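Read the structure below first, then the notes.
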Amino acid sequence: MTEPVWKKIDSLARELWDLALRIHAHPELGFEEHQAAAWLSEALEKGGFRVERSAGGVSTAFSAVHQANKPGPRVAILAEYDALPELGHACGHNLIAGIAVGAALGLAAFKKDLPGTLLVFGTPAEEGGGGKLKLIQAGLFRSVDAAMMVHPADQTLADRGSLAITEVGIEFRGKAAHASSEPDKGINALDAVIQTFIGLNALRQHIRDGARIHGVITHGGQKPNIVPEHAAARFYVRAAENAYRDELVDKLRRCAEGAALATGAELDFRLMGHEYKAIRPNQALARAFARHIEDLGYPVEMPEGGMGSTDMGDVSWEVPAIHPYIRIAPGVVPGHSREFCAAAKSEPAKAAMLAAAKAVAAVCLDLWTDPSLLREAQEEFKAALTAKQANR
Ligand SMILES: [Zn+2]
(Lines give C-alpha, C1' and ligand atoms only; values in the text may rest on other atoms or scores of the structure.)
Protein backbone atom coordinates (compact mmCIF):
# COMPACT_ATOMS: atom_id res chain seq x y z
CA MET A 1 0.00 0.00 0.00
CA THR A 2 2.96 2.34 0.55
CA GLU A 3 3.68 2.81 -3.18
CA PRO A 4 0.14 3.88 -4.17
CA VAL A 5 -0.07 6.27 -1.19
CA TRP A 6 3.27 7.82 -2.12
CA LYS A 7 2.15 8.18 -5.74
CA LYS A 8 -1.02 9.89 -4.56
CA ILE A 9 1.06 12.34 -2.49
CA ASP A 10 3.21 13.06 -5.56
CA SER A 11 0.08 13.76 -7.59
CA LEU A 12 -0.95 16.35 -4.95
CA ALA A 13 2.46 18.08 -5.01
CA ARG A 14 1.28 21.25 -6.72
CA GLU A 15 -1.75 21.67 -4.43
CA LEU A 16 0.29 21.01 -1.26
CA TRP A 17 3.05 23.40 -2.29
CA ASP A 18 0.48 26.06 -3.12
CA LEU A 19 -0.95 25.65 0.40
CA ALA A 20 2.49 25.86 2.06
CA LEU A 21 3.43 28.96 0.03
CA ARG A 22 0.10 30.65 0.73
CA ILE A 23 0.60 30.19 4.48
CA HIS A 24 4.20 31.44 4.11
CA ALA A 25 2.98 34.57 2.28
CA HIS A 26 0.31 35.29 4.93
CA PRO A 27 2.09 34.80 8.26
CA GLU A 28 -0.29 34.77 11.24
CA LEU A 29 0.76 34.85 14.89
CA GLY A 30 -0.30 32.28 17.50
CA PHE A 31 -4.09 32.06 18.05
CA GLU A 32 -4.60 34.41 15.09
CA GLU A 33 -4.08 31.78 12.37
CA HIS A 34 -7.63 32.08 11.01
CA GLN A 35 -6.70 31.87 7.32
CA ALA A 36 -4.31 28.95 7.73
CA ALA A 37 -6.79 26.96 9.84
CA ALA A 38 -9.52 27.61 7.26
CA TRP A 39 -7.31 26.58 4.31
CA LEU A 40 -6.27 23.33 5.98
CA SER A 41 -9.84 22.55 7.04
CA GLU A 42 -11.10 23.06 3.47
CA ALA A 43 -8.38 20.87 1.97
CA LEU A 44 -9.13 18.07 4.43
CA GLU A 45 -12.88 18.32 3.89
CA LYS A 46 -12.32 17.99 0.16
CA GLY A 47 -10.34 14.82 0.92
CA GLY A 48 -13.26 13.24 2.77
CA PHE A 49 -12.48 14.24 6.36
CA ARG A 50 -15.15 15.38 8.78
CA VAL A 51 -13.76 18.62 10.22
CA GLU A 52 -14.66 20.22 13.52
CA ARG A 53 -13.55 23.84 13.49
CA SER A 54 -12.54 25.63 16.72
CA ALA A 55 -11.73 22.26 18.30
CA GLY A 56 -11.29 22.35 22.07
CA GLY A 57 -12.80 25.84 22.12
CA VAL A 58 -9.73 27.31 20.38
CA SER A 59 -10.87 29.36 17.39
CA THR A 60 -7.84 28.57 15.21
CA ALA A 61 -7.63 24.87 16.10
CA PHE A 62 -9.44 22.09 14.27
CA SER A 63 -9.91 18.38 14.46
CA ALA A 64 -10.42 16.30 11.31
CA VAL A 65 -11.37 12.65 11.29
CA HIS A 66 -11.49 9.93 8.65
CA GLN A 67 -13.45 7.13 10.28
CA ALA A 68 -12.43 3.51 10.24
CA ASN A 69 -14.27 0.96 8.17
CA LYS A 70 -12.53 -1.68 10.22
CA PRO A 71 -11.31 -1.32 13.81
CA GLY A 72 -7.66 -0.40 14.25
CA PRO A 73 -5.32 2.14 15.83
CA ARG A 74 -6.37 5.79 16.02
CA VAL A 75 -3.45 7.77 14.67
CA ALA A 76 -3.20 11.57 14.87
CA ILE A 77 -1.08 13.72 12.54
CA LEU A 78 -0.51 17.20 13.93
CA ALA A 79 -0.27 20.41 11.93
CA GLU A 80 1.24 23.68 13.15
CA TYR A 81 0.87 26.92 11.19
CA ASP A 82 1.76 29.87 13.43
CA ALA A 83 4.44 32.41 12.45
CA LEU A 84 6.90 34.56 14.39
CA PRO A 85 6.56 38.30 15.00
CA GLU A 86 8.65 40.37 12.53
CA LEU A 87 10.26 37.30 10.95
CA GLY A 88 7.20 35.52 9.47
CA HIS A 89 7.61 31.79 8.82
CA ALA A 90 11.17 31.62 10.13
CA CYS A 91 10.34 28.35 11.88
CA GLY A 92 8.83 26.82 8.73
CA HIS A 93 5.47 25.88 10.26
CA ASN A 94 3.95 26.39 6.79
CA LEU A 95 5.79 23.18 5.85
CA ILE A 96 4.50 21.32 8.92
CA ALA A 97 1.01 22.15 7.65
CA GLY A 98 1.86 20.90 4.14
CA ILE A 99 3.36 17.68 5.51
CA ALA A 100 0.29 16.94 7.64
CA VAL A 101 -2.21 17.61 4.86
CA GLY A 102 -0.09 15.69 2.32
CA ALA A 103 0.13 12.58 4.49
CA ALA A 104 -3.55 12.83 5.38
CA LEU A 105 -4.83 13.20 1.81
CA GLY A 106 -2.50 10.49 0.55
CA LEU A 107 -3.86 8.04 3.11
CA ALA A 108 -7.48 9.17 2.80
CA ALA A 109 -7.53 8.13 -0.87
CA PHE A 110 -7.07 4.49 0.23
CA LYS A 111 -8.74 4.65 3.62
CA LYS A 112 -11.63 2.36 2.66
CA ASP A 113 -9.15 -0.51 2.34
CA LEU A 114 -7.38 0.26 5.60
CA PRO A 115 -8.25 -0.41 9.23
CA GLY A 116 -8.00 2.25 11.93
CA THR A 117 -8.94 5.90 12.21
CA LEU A 118 -6.95 8.82 10.85
CA LEU A 119 -7.09 12.11 12.73
CA VAL A 120 -5.55 15.45 11.84
CA PHE A 121 -5.34 18.08 14.57
CA GLY A 122 -4.68 21.71 13.76
CA THR A 123 -2.60 22.91 16.71
CA PRO A 124 -2.13 26.68 16.89
CA ALA A 125 0.37 28.86 18.72
CA GLU A 126 3.34 26.53 19.18
CA GLU A 127 5.57 29.62 19.48
CA GLY A 128 4.50 30.51 22.98
CA GLY A 129 0.74 29.96 23.32
CA GLY A 130 0.69 26.18 23.61
CA GLY A 131 -2.29 25.24 21.45
CA LYS A 132 -1.53 21.55 22.00
CA LEU A 133 -1.91 21.99 25.77
CA LYS A 134 -5.40 23.36 25.22
CA LEU A 135 -6.30 20.41 23.01
CA ILE A 136 -4.92 18.01 25.65
CA GLN A 137 -7.02 19.75 28.32
CA ALA A 138 -10.07 19.49 26.06
CA GLY A 139 -9.56 15.71 25.93
CA LEU A 140 -8.70 15.40 22.22
CA PHE A 141 -5.82 13.02 22.86
CA ARG A 142 -7.78 10.71 25.16
CA SER A 143 -8.70 8.29 22.39
CA VAL A 144 -5.50 8.67 20.35
CA ASP A 145 -3.09 5.72 20.12
CA ALA A 146 -0.11 7.55 18.55
CA ALA A 147 0.65 11.10 17.42
CA MET A 148 3.23 12.51 15.03
CA MET A 149 4.40 15.58 13.17
CA VAL A 150 7.57 16.57 11.32
CA HIS A 151 9.42 19.87 11.81
CA PRO A 152 11.67 21.45 9.15
CA ALA A 153 15.32 22.06 10.07
CA ASP A 154 18.83 22.17 8.62
CA GLN A 155 19.28 18.52 9.65
CA THR A 156 17.29 15.31 9.34
CA LEU A 157 16.79 13.87 12.83
CA ALA A 158 14.53 11.04 13.93
CA ASP A 159 14.43 11.36 17.72
CA ARG A 160 15.90 14.66 18.90
CA GLY A 161 14.61 15.70 22.34
CA SER A 162 13.40 19.11 23.49
CA LEU A 163 13.85 21.11 26.67
CA ALA A 164 11.17 21.63 29.30
CA ILE A 165 10.44 25.34 29.51
CA THR A 166 8.79 27.77 31.93
CA GLU A 167 8.39 31.49 31.39
CA VAL A 168 8.93 33.61 34.48
CA GLY A 169 7.95 37.26 34.94
CA ILE A 170 9.74 39.35 37.58
CA GLU A 171 8.65 42.82 38.69
CA PHE A 172 10.16 45.06 41.32
CA ARG A 173 8.44 48.04 42.94
CA GLY A 174 10.77 50.65 44.45
CA LYS A 175 10.35 54.34 45.22
CA ALA A 176 10.82 57.27 42.87
CA ALA A 177 13.02 60.19 43.92
CA HIS A 178 15.29 62.80 42.29
CA ALA A 179 18.31 60.76 41.27
CA SER A 180 20.73 63.61 41.95
CA SER A 181 19.33 65.87 44.66
CA GLU A 182 17.69 63.19 46.85
CA PRO A 183 18.87 59.72 45.77
CA ASP A 184 18.85 58.59 49.41
CA LYS A 185 15.06 58.89 49.43
CA GLY A 186 14.61 56.48 46.52
CA ILE A 187 14.48 52.70 46.17
CA ASN A 188 15.92 51.60 42.84
CA ALA A 189 13.83 48.88 41.16
CA LEU A 190 16.20 48.71 38.18
CA ASP A 191 19.08 47.81 40.50
CA ALA A 192 16.97 44.93 41.79
CA VAL A 193 16.55 43.61 38.24
CA ILE A 194 20.30 44.03 37.58
CA GLN A 195 21.13 42.23 40.85
CA THR A 196 18.82 39.40 39.77
CA PHE A 197 20.81 39.01 36.55
CA ILE A 198 24.10 39.11 38.48
CA GLY A 199 22.90 36.45 40.92
CA LEU A 200 21.70 34.35 38.00
CA ASN A 201 25.02 34.69 36.19
CA ALA A 202 26.82 33.45 39.31
CA LEU A 203 24.42 30.50 39.37
CA ARG A 204 25.27 29.48 35.80
CA GLN A 205 28.55 27.85 36.80
CA HIS A 206 26.61 25.42 38.96
CA ILE A 207 23.80 24.27 36.72
CA ARG A 208 23.68 21.10 34.64
CA ASP A 209 24.93 21.06 31.07
CA GLY A 210 22.25 21.84 28.53
CA ALA A 211 20.04 23.85 30.90
CA ARG A 212 19.25 27.38 29.75
CA ILE A 213 18.14 30.51 31.60
CA HIS A 214 17.82 33.58 29.41
CA GLY A 215 16.05 36.86 29.98
CA VAL A 216 15.35 40.39 28.83
CA ILE A 217 14.60 43.57 30.77
CA THR A 218 11.15 44.77 29.73
CA HIS A 219 10.95 47.85 31.99
CA GLY A 220 13.98 49.69 33.26
CA GLY A 221 12.76 53.14 34.31
CA GLN A 222 11.78 56.37 32.57
CA LYS A 223 14.54 58.97 32.82
CA PRO A 224 18.02 59.01 34.31
CA ASN A 225 17.05 61.75 36.76
CA ILE A 226 14.29 59.64 38.34
CA VAL A 227 15.19 56.68 40.56
CA PRO A 228 13.30 53.86 38.77
CA GLU A 229 10.27 52.91 40.87
CA HIS A 230 9.27 50.05 38.57
CA ALA A 231 11.42 47.57 36.68
CA ALA A 232 10.61 44.21 35.15
CA ALA A 233 12.18 41.28 33.32
CA ARG A 234 11.08 38.11 31.58
CA PHE A 235 13.00 34.82 31.67
CA TYR A 236 12.75 31.47 29.95
CA VAL A 237 14.02 28.66 32.18
CA ARG A 238 14.77 25.42 30.30
CA ALA A 239 16.19 22.02 31.16
CA ALA A 240 16.25 18.50 29.78
CA GLU A 241 14.00 17.26 32.60
CA ASN A 242 10.77 18.79 33.84
CA ALA A 243 11.79 18.35 37.49
CA TYR A 244 15.19 20.01 37.04
CA ARG A 245 13.54 22.92 35.21
CA ASP A 246 11.32 23.42 38.28
CA GLU A 247 14.42 23.33 40.51
CA LEU A 248 16.02 26.06 38.39
CA VAL A 249 12.88 28.19 38.64
CA ASP A 250 13.27 28.01 42.44
CA LYS A 251 16.92 29.04 42.19
CA LEU A 252 15.97 31.99 39.97
CA ARG A 253 13.33 32.94 42.55
CA ARG A 254 16.02 33.02 45.25
CA CYS A 255 18.23 35.26 43.07
CA ALA A 256 15.29 37.69 42.77
CA GLU A 257 14.47 37.46 46.49
CA GLY A 258 18.11 38.23 47.31
CA ALA A 259 17.98 41.25 45.01
CA ALA A 260 14.79 42.43 46.71
CA LEU A 261 16.41 42.11 50.12
CA ALA A 262 19.55 43.94 49.01
CA THR A 263 17.75 46.87 47.39
CA GLY A 264 14.58 47.14 49.47
CA ALA A 265 12.40 46.83 46.37
CA GLU A 266 9.29 44.70 46.53
CA LEU A 267 9.28 41.57 44.38
CA ASP A 268 6.46 40.08 42.33
CA PHE A 269 7.64 36.71 40.93
CA ARG A 270 5.22 35.10 38.53
CA LEU A 271 4.99 31.97 36.42
CA MET A 272 3.50 33.22 33.17
CA GLY A 273 1.67 30.02 32.26
CA HIS A 274 3.88 29.33 29.24
CA GLU A 275 5.15 25.95 30.27
CA TYR A 276 6.03 22.98 28.04
CA LYS A 277 7.32 19.58 29.11
CA ALA A 278 10.46 18.00 27.70
CA ILE A 279 9.65 15.67 24.82
CA ARG A 280 10.26 11.94 25.11
CA PRO A 281 10.34 10.79 21.47
CA ASN A 282 8.96 7.28 21.12
CA GLN A 283 11.87 5.18 19.89
CA ALA A 284 9.75 2.51 18.20
CA LEU A 285 7.94 5.10 16.10
CA ALA A 286 11.15 7.08 15.53
CA ARG A 287 12.85 3.97 14.16
CA ALA A 288 9.94 3.41 11.76
CA PHE A 289 10.11 7.04 10.62
CA ALA A 290 13.91 6.85 10.19
CA ARG A 291 13.61 3.77 7.99
CA HIS A 292 11.13 5.46 5.65
CA ILE A 293 12.80 8.87 5.48
CA GLU A 294 16.12 7.18 4.64
CA ASP A 295 14.40 5.19 1.88
CA LEU A 296 13.22 8.54 0.55
CA GLY A 297 16.78 9.86 0.31
CA TYR A 298 17.14 11.73 3.61
CA PRO A 299 19.81 10.03 5.73
CA VAL A 300 19.29 10.52 9.47
CA GLU A 301 22.10 12.69 10.89
CA MET A 302 23.84 13.11 14.24
CA PRO A 303 22.20 16.00 16.12
CA GLU A 304 24.29 19.18 16.27
CA GLY A 305 23.76 22.25 18.41
CA GLY A 306 21.33 22.84 21.24
CA MET A 307 17.63 22.16 21.61
CA GLY A 308 14.55 24.33 21.81
CA SER A 309 11.19 23.62 23.41
CA THR A 310 7.85 22.59 21.95
CA ASP A 311 4.32 21.87 23.13
CA MET A 312 4.73 18.49 21.40
CA GLY A 313 6.60 17.69 24.64
CA ASP A 314 3.29 17.67 26.50
CA VAL A 315 1.71 15.48 23.82
CA SER A 316 4.53 12.95 24.34
CA TRP A 317 3.36 12.56 27.95
CA GLU A 318 -0.17 11.75 26.77
CA VAL A 319 0.44 9.25 23.95
CA PRO A 320 3.39 7.67 22.11
CA ALA A 321 4.60 10.55 19.94
CA ILE A 322 7.37 11.61 17.58
CA HIS A 323 8.57 15.04 16.46
CA PRO A 324 11.34 14.31 13.93
CA TYR A 325 13.09 16.90 11.76
CA ILE A 326 13.61 17.06 7.99
CA ARG A 327 16.44 18.92 6.27
CA ILE A 328 15.14 21.74 4.03
CA ALA A 329 18.46 23.36 3.07
CA PRO A 330 21.86 22.00 2.02
CA GLY A 331 24.00 23.93 4.56
CA VAL A 332 23.69 25.35 8.06
CA VAL A 333 20.59 27.57 8.44
CA PRO A 334 19.68 28.46 12.03
CA GLY A 335 15.99 28.38 12.96
CA HIS A 336 14.17 31.65 13.70
CA SER A 337 16.38 33.52 11.22
CA ARG A 338 15.59 35.43 8.04
CA GLU A 339 17.60 32.80 6.15
CA PHE A 340 15.36 30.03 7.52
CA CYS A 341 12.28 32.02 6.46
CA ALA A 342 13.66 32.10 2.89
CA ALA A 343 14.55 28.39 3.02
CA ALA A 344 10.96 27.55 4.06
CA LYS A 345 9.71 28.51 0.59
CA SER A 346 12.61 27.11 -1.46
CA GLU A 347 12.66 24.17 -3.88
CA PRO A 348 14.57 21.92 -1.42
CA ALA A 349 11.81 22.67 1.13
CA LYS A 350 9.18 21.52 -1.36
CA ALA A 351 11.01 18.21 -1.88
CA ALA A 352 11.47 17.82 1.90
CA MET A 353 7.79 18.51 2.54
CA LEU A 354 6.74 15.77 0.11
CA ALA A 355 9.28 13.28 1.50
CA ALA A 356 8.20 13.96 5.09
CA ALA A 357 4.52 13.59 4.14
CA LYS A 358 5.34 10.21 2.59
CA ALA A 359 7.32 9.06 5.63
CA VAL A 360 4.51 10.06 8.01
CA ALA A 361 1.97 8.26 5.82
CA ALA A 362 4.20 5.19 5.79
CA VAL A 363 4.42 5.14 9.62
CA CYS A 364 0.60 5.34 9.75
CA LEU A 365 0.43 2.39 7.35
CA ASP A 366 2.89 0.48 9.56
CA LEU A 367 0.69 1.14 12.60
CA TRP A 368 -2.40 -0.07 10.78
CA THR A 369 -0.89 -3.14 9.19
CA ASP A 370 1.63 -4.35 11.79
CA PRO A 371 0.08 -4.61 15.30
CA SER A 372 3.51 -5.31 16.82
CA LEU A 373 4.62 -1.71 16.13
CA LEU A 374 1.85 -0.13 18.20
CA ARG A 375 2.35 -2.73 20.93
CA GLU A 376 6.05 -1.93 21.09
CA ALA A 377 5.39 1.84 21.04
CA GLN A 378 2.85 1.56 23.85
CA GLU A 379 5.01 -0.66 26.04
CA GLU A 380 7.88 1.81 25.69
CA PHE A 381 5.52 4.72 26.41
CA LYS A 382 4.22 3.11 29.61
CA ALA A 383 7.73 2.30 30.82
CA ALA A 384 8.91 5.86 30.07
CA LEU A 385 5.90 7.34 31.85
CA THR A 386 6.59 5.35 35.01
CA ALA A 387 10.22 6.48 34.93
CA LYS A 388 9.17 10.08 34.35
CA GLN A 389 6.71 10.04 37.24
CA ALA A 390 9.44 8.72 39.50
CA ASN A 391 11.60 11.58 38.26
CA ARG A 392 9.07 14.29 39.19
ZN1 LIG B 1 8.87 25.53 15.17
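The values are calculated or read from the model by the stated rules, or taken from the named source; none is laboratory data. Keep in mind it's a predicted model, so treat the numbers as computed, not measured. Reconstructed Cβ throughout: ideal geometry from the backbone, glycine too, with neighbour counts over all protein chains shown. Protein only, heavy atoms only, side chains kept; ligands, DNA and RNA dropped before computing areas. Shrake-Rupley method; radii C 1.70, N 1.55, O 1.52, S 1.80 Å.
The Cα-based radius of gyration and maximum Cα-Cα distance (Dmax) for the range 1-97 are 14.5, 47 Å. With both labels modelled 7 Å from their Cα along Cα-to-Cβ, the S346 to E257 distance reads 5.0 nm.
Per residue, the accessible area of the chain comes to 43 Å² when a 1.4 Å probe rolls over the protein heavy atoms. Taking the inverse of the mean reciprocal distance over all distinct Cα pairs, the Kirkwood hydrodynamic radius of the chain comes to 22.2 Å. Between R173 and I207, the contour length at 0.36 nm per residue exceeds the alpha carbon distance by 9.3 nm. A simple count of charges around H26, restricted to other residues whose Cβ falls under 14 Å of its Cβ and scoring Lys, Arg +1 and Asp, Glu -1, yields -3.
Counting charges near N225 (Lys, Arg +1; Asp, Glu -1) among other residues having Cβ under 14 Å from its Cβ returns a value of 0.
Counting only residues at least eight positions apart within a chain, or on another chain, the lysines with an alpha carbon under 26 Å from that of K223 are K175, K185. When the pairs K132/K350; K8/K345; K7/K277; K7/K46; K111/K277; K70/K358 are compared against a 30 Å limit on Cα-Cα distance, K7/K277; K111/K277 fall above it.
Once the Cα atoms are used to define both axes, helix 242-263 deviates from the longest principal axis of the chain by about 20 degrees. For the chain, the share of DSSP beta bridges that are antiparallel, to the nearest 5, is 70%. Of the GluC sites (Glu not before Pro) found in the range 259-355, the ones in coil according to DSSP and having at most 15 other Cβ atoms within 10 Å of their Cβ are E301, E304. Take each peptide in 116-122, 53-59, count the other Cβ atoms within 10 Å of every residue, and average; sorted highest first, the result is 116-122, 53-59. Extension gain for T2-A383 works out to 134.1 nm (0.36 nm per residue, less the C-alpha to C-alpha distance). Take the Cα radius of gyration of the range 258-392 and divide it by 2.2 N^0.38 Å, N being the number of residues; the result is 1.40. Which one, R327, R14, R238, has the greatest fluctuation when you compute a Gaussian network model over the chain with C-alpha springs under 10 angstrom? Ranking R327, R14, R238 by mean-square fluctuation puts R14 first. Computed in the context of the full set of protein chains, the accessible area of the chain at 1.4 Å probe radius has 50% of its extent on carbon or sulfur. Set the Förster distance to 56 Å, then compute FRET efficiency between D18 and D370 from the Cβ-Cβ distance, nearest 0.05. Between D18 and D370 the formula returns 0.95. On a C-alpha basis, how far is the centre of the range 72-125 from the centre of the range 147-173 in Å? Whole number, if you could? Rounded to whole Å, the Cα centres lie 19 Å apart.
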